[in-house]
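A.B. asks: Before I ask anything, here is the structure I am working with.
The values are calculated or read from the model by the stated rules, or taken from the named source; none is laboratory data. What you are looking at is a predicted structure, and each value in this text was computed from that prediction instead of being measured. Cβ coordinates were reconstructed from backbone atoms using ideal geometry, including for glycine residues, and neighbour counts include every protein chain displayed.
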Amino acid sequence: GPIAALGATAAAFAAGSVLVAWALPRGVGRPVAQQEPLGYWRSQRESLAFVRGEPLLLALMLMIGVTNLLDAAFSQVLAPVWGRESGYGPAAIGLNSAVMGAAAVVGSLAATAFAHRLPRRTVFFVAFLIAGAPRFLVLASGAPLWSTVAVFAVSGLASGFLNPIIGAVEFERIPRHLLGRVTAFGDSMAWAGIPLGGLLAGLAVAWAGLVPVLVGAGAAYFVTTMAPGLRREWREMDRRVPLPAESP
């Protein structure tokens, strides 16, 4: 039941906290040199100025903002409506999510082990090609549950490669004294559309029905994640740069 599920989730969070505390390397959390406090708006201006000078980071943040909106639409509205209309119910939605999440963990471990030997840009776009649109299209196709679970498993495996690449690009290109501000700025851009995802998906499903919205959202995901790869700034993803030095 729901109470047991909430309890299991809370236990998983507690176990994760213990694991993080155990795995952190020595020295993490030590005091750092104090910097002059900045006001909120000045901090945002400096972050925006830096990101505008880094076309790859700006393009990455904008892309993730759109995909997060589409992912929110998928998880908040499209998948639940599919579960109801297909007759598979909440259990199938949970199964798809669990399989995708477990596969994503495996993908992240694989990326940590050997993704640094592969061309980043190729891996990034292939991973998005597999992890994005197929989830929408398999639900729209009315495929049997076993094939839906298989698509979610492969999508999860591919999605595990994305965050390690994104993190590496950010840590290589953002100076240490700007790291917190710029990553927070990027997170705000990435999360800004999430509240709209469910709202827009709900309106679209009420107007057009589930299958057209799934196909349209899948097409939007494909264009959002594939078309930018033709632009010049994405070639910089394969160029490793030295880690920025600490500010004095």
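A.B. asks: When only residues in the stretch 1-26 that are outside any helix (DSSP H, G or I) and not small (Gly, Ala, Ser) count, which is nearest to the chain's Cα centre (by Cα)?
C.D. replies: If we filter the stretch 1-26 for residues that are outside any helix (DSSP H, G or I), which is where we start, we get 1, 24-26.
Imposing the further condition that a residue be not small (Gly, Ala, Ser) reduces the set to 24-26.
Working: Leu24: 23, Pro25: 25, Arg26: 29 Å.
Among residues in the stretch 1-26 that are outside any helix (DSSP H, G or I) and not small (Gly, Ala, Ser), the one nearest to the chain's Cα centre (by Cα) is Leu24.
A.B. asks: Taking Leu196 as meeting all but one of (1) hydrophobic (A, V, I, L, M, F, W, C); (2) in contact with a Leu (Cβ under 8 Å, 6 or more places away or on another chain); (3) crowded, with 19+ Cβ neighbours inside 10 Å, write down the number of the exception.
C.D. replies: (3)
A.B. asks: Something else now. Tell me the helices (runs of 4 or more DSSP H) entirely within the stretch 139-248 that contain at least 2 residues that are out of contact with any strand residue (DSSP E or B) (no Cβ under 8 Å at 6 or more places or on another chain) and over 21 Å from Val123 (Cα atoms).
C.D. replies: On the way: elements: 145-159, 162-173, 179-191, 194-208, 210-226.
Where helices (runs of 4 or more DSSP H) fall fully within the stretch 139-248 and carry at least 2 residues being out of contact with any strand residue (DSSP E or B) (no Cβ under 8 Å at 6 or more places or on another chain) and over 21 Å from Val123 (Cα atoms), they are 145-159, 179-191, 194-208, 210-226.
A.B. asks: May I ask you to list pairs of residues, at least six apart or on different chains, whose Cβ atoms are under 7 Å apart, with the first in the stretch 43-63 being without any contact (Cβ under 8 Å) to a residue 40 or more places away in the chain and within 14 Å of Met237 (Cα to Cα) and the second being of a type in the set (S, T, N, Q) and crowded, with 16+ Cβ neighbours inside 10 Å?
C.D. replies: none
A.B. asks: Right, next: Looking only at the stretch 165-176, which residues are surrounded by 17 or more Cβ atoms within 10 Å (Cβ to Cβ) and either touching a Gly at 6+ places or on another chain (Cβ under 6 Å) or farther than 15 Å from Asp238 by Cβ (or both)?
C.D. replies: So in the stretch 165-176, the residues surrounded by 17 or more Cβ atoms within 10 Å (Cβ to Cβ) come out as 165-166, 169-170, 173-174.
The answer is Glu170, Ile174.
A.B. asks: With in contact with an Asp or Glu (Cβ under 8 Å, 6 or more places away or on another chain), buried (at least 16 other Cβ atoms within 10 Å of the Cβ) and under 25 Å from Ser188 (Cα atoms) as the only criterion, which of Leu78, Leu69, Leu56 stands out? Talk me through it step by step, then tell me what you get.
C.D. replies: Details: Leu78 fails: in contact with an Asp or Glu (Cβ under 8 Å, 6 or more places away or on another chain); Leu69 fails: in contact with an Asp or Glu (Cβ under 8 Å, 6 or more places away or on another chain).
After applying the criteria, what remains is Leu56.
A.B. asks: Sort through Ala184, Ala192 and tell me the only one that's in contact with a Gly (Cβ under 8 Å, 6 or more places away or on another chain), farther than 25 Å from Leu139 by Cα, of a type outside the set (S, T, N, Q) and in contact (Cβ under 8 Å) with a residue 24 or more places away in the chain. If you could, list the steps in order and put the result at the bottom.
C.D. replies: Values: Ala184 fails: in contact with a Gly (Cβ under 8 Å, 6 or more places away or on another chain).
After ruling out the rest, the residue left standing is Ala192.
A.B. asks: Looking at Ala133, Ala113, which is the one that is under 25 Å from Ile194 (Cβ atoms) and of a type in the set (A, V, I, L, M, F, W, C)? Please lay out each step first, then the result.
C.D. replies: On the way: Ala113 fails: under 25 Å from Ile194 (Cβ atoms).
Every option except Ala133 fails the conditions.
A.B. asks: If you don't mind, another one. Select from the stretch 81-97 the residues that are aliphatic (A, V, I, L, M), surrounded by 14 or more Cβ atoms within 10 Å (Cβ to Cβ) and either modelled with pLDDT under 95 or closer than 16 Å to Ala5 by Cα (or both) and list them in ascending order. Explain how you work it out, then say what you get.
C.D. replies: Initially, the stretch 81-97 is screened for residues aliphatic (A, V, I, L, M), giving 81, 91-93, 95.
From the residues that got through so far, the ones that are surrounded by 14 or more Cβ atoms within 10 Å (Cβ to Cβ) too are 81, 92-93, 95.
Listed by number, the residues that qualify are Ala92, Ile93, Leu95.
Residues checked against (1) modelled with pLDDT under 90; (2) over 18 Å from Gly167 (Cα atoms); (3) part of a helix (DSSP H, G or I):
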| position | (1), (2), (3) |
| --- | --- |
| Val32 | yes, yes, no |
| Pro37 | yes, yes, no |
| Ile64 | no, no, yes |
| Ala104 | no, no, yes |
| Phe114 | yes, no, yes |
| Phe124 | no, no, yes |
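A.B. asks: Mind listing whichever residues of the stretch 138-164 are surrounded by 18 or more Cβ atoms within 10 Å (Cβ to Cβ) and farther than 16 Å from Gly101 by Cα?
C.D. replies: Val138, Leu139, Ala140
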